[in-house]
Amino acid sequence: MHAKVNVVQNLQQVRKNIAAACRRVGRNPQEVGLVAVTKSVDPERMNQALAAGVDVFGESRVQELVSKQPEFPGVRWHFIGYLQRNKVKYLPGRVELVHSLNRWSLARELDRRAREHGQVFRVLVQVNITRERGRFGVMPGEVAEFIRETAGLQGLQVEGLMTMAPFVADPEQVRPLFREMRDLFTRLGREPGIRMWYLSMGMSNDYPVAVEEGANLVRVGTAIFGPRKCTLRGG
């Protein structure tokens, strides 16, 4: 199955789709960063993506990130999945950005581990934009207070927001959620003491809609690397 995947061609199409989405709403495609989601992707396809100009890989499992990283020196890595507190100790010095800060206990552990290593974790707050029970993330109405509380943690720097929309057959169905995220992002960015740089939203099935609604980081896996053996969260 993997031999039939043309990573370079797929990447070209993803970039074309991002550029077209930007044109439709008057944005500059250079504003949108692409995180290539490499969960369960073999090194051969990852190398093809690197050769085609990808410079950021996104992993959602700490063990997989730690095992792959030595094979790809100089690559920028983002952690995009649910993060268990007992796995935080493996991340200092390994990741450029954590997309999935979703609870206070994790914030404290990230802060503790960062300070142990004399570092600062750059993080995005994961927002439960659907407000559904059982989904990860801070509720939209609680994000501002959550960010203000993290201001006292020297090992953390909040740089924006992330969300995961439900998987739906028609991406138009999640457009209102992306629009609400953009509005939240914009509103928070106007508040004293809060800085918003990154809005991470959009995956393989809905990233053009997310870009139209303001995403400046998209997390794309299947549309680049082809189907994986497992169902992806985050790509």
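The values are calculated or read from the model by the stated rules, or taken from the named source; none is laboratory data. Predicted model only: the values in this text are computed from it and were never measured. Reconstructed Cβ throughout: ideal geometry from the backbone, glycine too, with neighbour counts over all protein chains shown.
Descriptive notes on the structure:
- Residue match in the stretch 130-150 (condition: over 23 Å from Met196 (Cβ atoms), of a type outside the set (Gly, Ala, Ser) and at pLDDT 95 or above): no
- Summed over the stretch 23-62, the residues that are farther than 25 Å from Gln84 by Cα and in contact with a Cys (Cβ under 6 Å, 6 or more places away or on another chain) give a count of 1.
- Exactly one residue among Gly226, Gly152, Gly141, Gly221 is out of contact with any Lys or Arg (no Cβ under 7 Å at 6 or more places or on another chain), farther than 18 Å from Val25 by Cβ and in contact (Cβ under 8 Å) with a residue 60 or more places away in the chain, and that residue is Gly226.
- Residue within the stretch 169-191 that is under 25 Å from Val7 (Cβ atoms) and in contact with a helix residue (DSSP H, G or I) (Cβ under 9 Å, 6 or more places away or on another chain) present: yes
- Close Cβ contacts (under 8 Å, 6 or more residues apart or on different chains) running from residues in the stretch 34-56 that are more than 18 Å from Leu97 (Cβ to Cβ) to residues that are among the basic types (Lys, Arg) comprise Ser40/Arg228; Ser40/Lys229; Val41/Arg228; Pro43/Lys68; Met46/Lys68.
- Just so you know, in the stretch 125-141 the residues that are in contact with a Leu (Cβ under 7 Å, 6 or more places away or on another chain) and of a type in the set (A, V, I, L, M, F, W, C) include one that is farthest from Met181 (Cα to Cα), and it is Val125.
- If you go through the stretch 116-138 and keep only what is in contact (Cβ under 8 Å) with a residue 40 or more places away in the chain and under 19 Å from Arg94 (Cα atoms), you end up with just Leu124.
- Selection status of Phe121, aromatic (Phe, Trp, Tyr) and touching a helix residue (DSSP H, G or I) at 6+ places or on another chain (Cβ under 8 Å): yes
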